[in-house]
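I have placed the structure first, in the form of structure tokens, so that the comments after it can refer back to it.
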Amino acid sequence: MADTVRVRIAPSPTGTLHIGNVRAGLFNWLFARRMGGVFILRIDDTDAARSKPEYEENIKASFRWLGMDWDEGPDIGGPFGPYRQSERMDRYLTAAERLLAEGKAFRCWCTAEELEASRQAAARRKEAPRYDGRCLNLTDADRAKFESEGRKAAIRFRLPEGPPVIVDDLIRGRVEMPRGMLDHFIIVRSDGKPVYNFCTALDEADHRITHVIRGDDHLSNTPKQMLVMEALGITPPRYAHLPQILGIDKARLSKRHGAQGVLELRDEGFLPEAVLNFLALLGWSYDDKTELFTPAELKASFSLDRVGKAPAVFDETKLLWMNGQYIRNGPAERIEADLRARIAAAHGALPAAGDAAYVGRVIALLRESLKTLGEIGPLSEFFFRDEVVWEDEAKARLAGWPRAAEILAAVTGIVKDTSPFTPEALEAAFRAKAESMGLKFKELVHPARFATTGRVAGPSLFHALEVLGRDRCLARLASAAKLPPA
RNA sequence: GUCCCCAUCGACUAACGGUCAGGUCAUCACCCUUUCAAGGUGGUAAUGCGGGUUCGACUCCCGCUGGGGACACCA
């Protein structure tokens, strides 16, 4: 069969899109692109109570930011739409009616209380909580009685007898699921709303999905979906169940660690390429050495048979490293534009931030040392404020520095007289002055840094001085000289 | 409780049944150096346990332990 590969990501809009969904989406997208297939975005919003339009927007914005383009979806349509479960209700209900008519499903009038009582009884006997099938063989009189009491029926799938359900998983291999674990499960609630496992089975079929690639928390749902398809005469897709992503504490990903929304990663200053690269390597590997992949390389080299089975821990430290790599070696214009925006947001009110050329020089100086774009704000602050904002440690070290006053005076002289005002000339002047004062080079440099930046660490001092400019440096040296000594 | 899945350095992972168990992040040391990063060099560090099968097991089989998931009128 040379059928076109069709895969999908089907998040439910009940929260912001988090890392686990993104990784599942990524693997689907990569697989589709690699196979020349179709990537579909579907919105699983059968849970009307918790679903919200803004979350759907968040999902789309997240994928867009990452460059994961979909070929069919709720916003762009496609030949097999609609792609939102809430718009497919009549489809689900029609299928349920058909199963009912064929005796493959039945109505159940049990109340929540009755079911709960039955479950508790089972728990007391230390048995699995199962539906006892009591509504399977009701008489017409029973049904009429329930209806007259105003009870509403749910629709249950009639679980057929048979051998274990086989999931021939592309990642796990052959998995056998005994039917004993399954129930006559609900497919339509008593309020008329169809249930996820039922909808999903129909969606895969209607959207002509060929490969369902999803988290392995769905592995045990798979038999239900396959049984529904079987009852409807549908050939099931291939399945590939991905290992889970765990938090740093090895627990399931949740708020706190990596489960924040992807857009938050963007806001913190992670580059989409870095996030994509990092996520791709969570559960997949190309070989025994390659770590850095551009999106194009990922699309060209991804394959399901190199996806592992063991769950992976989301290690933000490595993401940080990778992001640093992309900031240093990535697309310069885009990164600079982003950094300009962040500087404007952080220091826009300050006059120096309005000087585009000056901002460009600041960025050139700091970009190399960033791990996230967001760090530019605090790191660049001293370039924009008129008055130095002192770090406690810088102030303390300057105050305790031997011959501090003398050194500051000497540095002031250098800054005043050096021409041209370049890093090279400044460094030469510093070296000469250190020599003549009988000081080590660094004994002159450190106090100069404290006084002109208010910090103990930062970019190359002479480059920083050049960017700051002679006047700012002189003003700062003058005010540093007035600080009380230790 | 029942069923299903999983198990290599702290983390991500590589290894046709035969490698000295390799790479990356982190960590440590050293180098570079005006500080912090970056960069360079080197080091520490793993096959959960117990049985098999085999000339030979990280790799295949069984058990145990540990972790995760499912058993809903959630998705």
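The values are calculated or read from the model by the stated rules, or taken from the named source; none is laboratory data. Keep in mind that what you see is a predicted model, and the values were worked out from it rather than measured. Methodologically, a virtual Cβ is constructed for each residue, glycine included, from the backbone with ideal geometry; neighbour enumeration extends over all protein chains shown.
Data overview
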read-out: Segment A:429-443: number of residues that are surrounded by fewer than 21 Cβ atoms within 10 Å (Cβ to Cβ) and touching a residue at least 12 places away in the same chain (Cβ under 8 Å); value: 5
read-out: Evaluation of A:T14 against (1) within 27 Å of A:L304 (Cβ to Cβ); (2) within 19 Å of the chain's Cα centre (by Cα) (one fails), failing number; value: (1)
read-out: Some residue of segment A:439-449 being within 25 Å of A:L379 (Cβ to Cβ), touching a helix residue (DSSP H, G or I) at 6+ places or on another chain (Cβ under 9 Å) and more than 9 Å from RNA strand B (Cβ to nearest atom); value: yes
read-out: Residue match in segment A:58-69 (condition: away from RNA strand B (no atom under 16 Å from the Cβ) and not assigned by TED's automatic domain parsing to the domain that holds A:E264); value: no
read-out: Within segment A:401-458, tally of residues that are farther than 20 Å from A:E391 by Cα, over 51 Å from the mean Cα position of the chain (by Cα) and of a type in the set (G, A, S); value: 7
read-out: A:G15 vs. criteria among the small types (G, A, S) and more than 26 Å from A:A312 (Cα to Cα); value: no
read-out: Condition met for A:L477 (touching a Cys at 6+ places or on another chain (Cβ under 7 Å), assigned to a helix (DSSP H, G or I), buried (at least 19 other Cβ atoms within 10 Å of the Cβ) and of a type in the set (A, V, I, L, M, F, W, C)); value: no
read-out: Only listed residue being of a type in the set (S, T, N, Q), within 17 Å of A:D471 (Cβ to Cβ) and at pLDDT 90 or above, chosen from A:T412, A:T418; value: A:T412
read-out: Those residues of segment A:12-35 which are within 13 Å of A:M68 (Cβ to Cβ), not in a loop (DSSP other than H, G, I, E, B) and not aromatic (F, W, Y), in sequence order; value: A:N21, A:V22, A:R23, A:A24, A:G25, A:L26, A:N28, A:L30, A:A32, A:R33
read-out: Checking A:R256 against (1) assigned by TED's automatic domain parsing to the domain that holds A:K318; (2) modelled with pLDDT of 90 or more, the condition it does not meet; value: (2)
read-out: Filter pass, A:T222 being more than 15 Å from RNA strand B (Cβ to nearest atom) and modelled with pLDDT under 95; value: no
read-out: Residue, surrounded by the most Cβ atoms within 10 Å (Cβ to Cβ), within segment A:279-294, restricted to residues that are more than 8 Å from RNA strand B (Cβ to nearest atom) and of a type outside the set (S, T, Y); value: A:L279
read-out: Strands (runs of 3 or more DSSP E) fully within segment A:74-189 counting 2 or more residues that are without any contact (Cβ under 8 Å) to a residue 40 or more places away in the chain; value: A:173-177
read-out: Complete set of residues in segment A:444-462 that are crowded, with 16+ Cβ neighbours inside 10 Å and either in contact with a Pro (Cβ under 8 Å, 6 or more places away or on another chain) or not in a helix (DSSP H, G or I) (or both); value: A:G454, A:R455, A:V456, A:G458, A:P459, A:F462
read-out: Selection count, segment A:370-402, where residues are surrounded by 13 or more Cβ atoms within 10 Å (Cβ to Cβ) and modelled with pLDDT of 90 or more; value: 14
read-out: Qualifying positions in segment A:25-56 - out of contact with any Ser or Thr (no Cβ under 8 Å at 6 or more places or on another chain), surrounded by fewer than 24 Cβ atoms within 10 Å (Cβ to Cβ) and among the small types (G, A, S); value: A:A49
read-out: Neighbours by Cβ (under 7 Å, 6+ apart or cross-chain): first from segment A:1-20, surrounded by fewer than 17 Cβ atoms within 10 Å (Cβ to Cβ); second β-branched (V, I, T); value: A:D3/A:T210; A:T4/A:V38
